[in-house]
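Here is the structure we will look at, set down as structure tokens.
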Amino acid sequence: MLVDKRIYLASQSPRRRELLKQIGVAFDVLALRAVAGRMDVVEVPRADEAASDFAQRMAVEKAACGWRAVDARRLLRFPVLGADTVVELDGAILGKPADRAGAEAMLMRLSGRTHHVHTAVAVQHEDRMERRLSSSQVRLAELDAAAIGRYLETGEYLGKAGAYGIQGRAGAFVEHIDGSYSGIMGLPLYDTAILLRAFGLVV
């Protein structure tokens, strides 16, 4: 049982911070890129790697990287949470668009289609690593070029897998979801709570 009910979040995502606060989890954000000599987690899928497997591998690598940062900085040894969200359409992984043109192309592909959103969560404390996966289906309405253009003007697509965020203006594009809304946002709260309770935190 942990004496201090606190974790480290190995993510810069403001959405994940908001979601952890929503369920009352006390946390500190680990700025992983500031660790001297550390290689960043390479977020590139392996050949023939399934989208759900890629999400889980990334979450585990981020949690492990965060734990190494705890060691390197001699920080208090709280559990480290890592997470990763992957958008999948027809077996293909849609990552974060590099630019506006890439975002436009992704949204055109998603228009009027059902896609999958996989969010994996991993927690490491000492030598123990646990993980969970949340997979949801999202159907977007038919989007014309004008609607996509107006959305791109907001800049919300930046840093978003699949070029959209369900919690923002793109929520108006979503016809139906089957799964976890918070998972689609980037941190499935049910699965996260189960993991944290496994490490002795009351959630």
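Things to note:
- Dividing the summed helix terms, -39500 (n - 2.57) for each DSSP H run of n ≥ 4, by the number of residues in the chain produces a 222 nm estimate of -10000 deg cm²/dmol to the nearest 500.
- Surface share of carbon and sulfur [accessible, 1.4 angstrom probe, percent] for region 43-102: 50 percent
- Mean projected area in nm² (Cα convex hull; one quarter of hull surface) for region 116-166: 4.8 nm²
- Heavy-atom surface of the chain, accessible at 1.4 Å and reported per residue (Å²): 49 Å²
- Carbon and sulfur %, accessible surface of region 143-203 computed with the full protein complex present, 1.4 Å: 54 percent
- Over region 33-188 - Rg/Rh using Cα atoms and the Kirkwood inverse-distance radius: 1.02
- The packing ranking of peptides 146-154, 193-201, highest mean first, is 193-201, 146-154, where packing means the average number of other beta carbon atoms within 10 angstrom of each residue.
The values are calculated or read from the model by the stated rules, or taken from the named source; none is laboratory data. Being a predicted model, the structure only gives us computed values, none of them experimental. Here Cβ is always computed from backbone atoms with ideal geometry, including for glycine, and neighbour counts include all displayed protein chains. All accessible areas refer to the heavy atoms of the entire protein, side chains included, with ligands and DNA or RNA removed. Shrake-Rupley method; radii C 1.70, N 1.55, O 1.52, S 1.80 Å.
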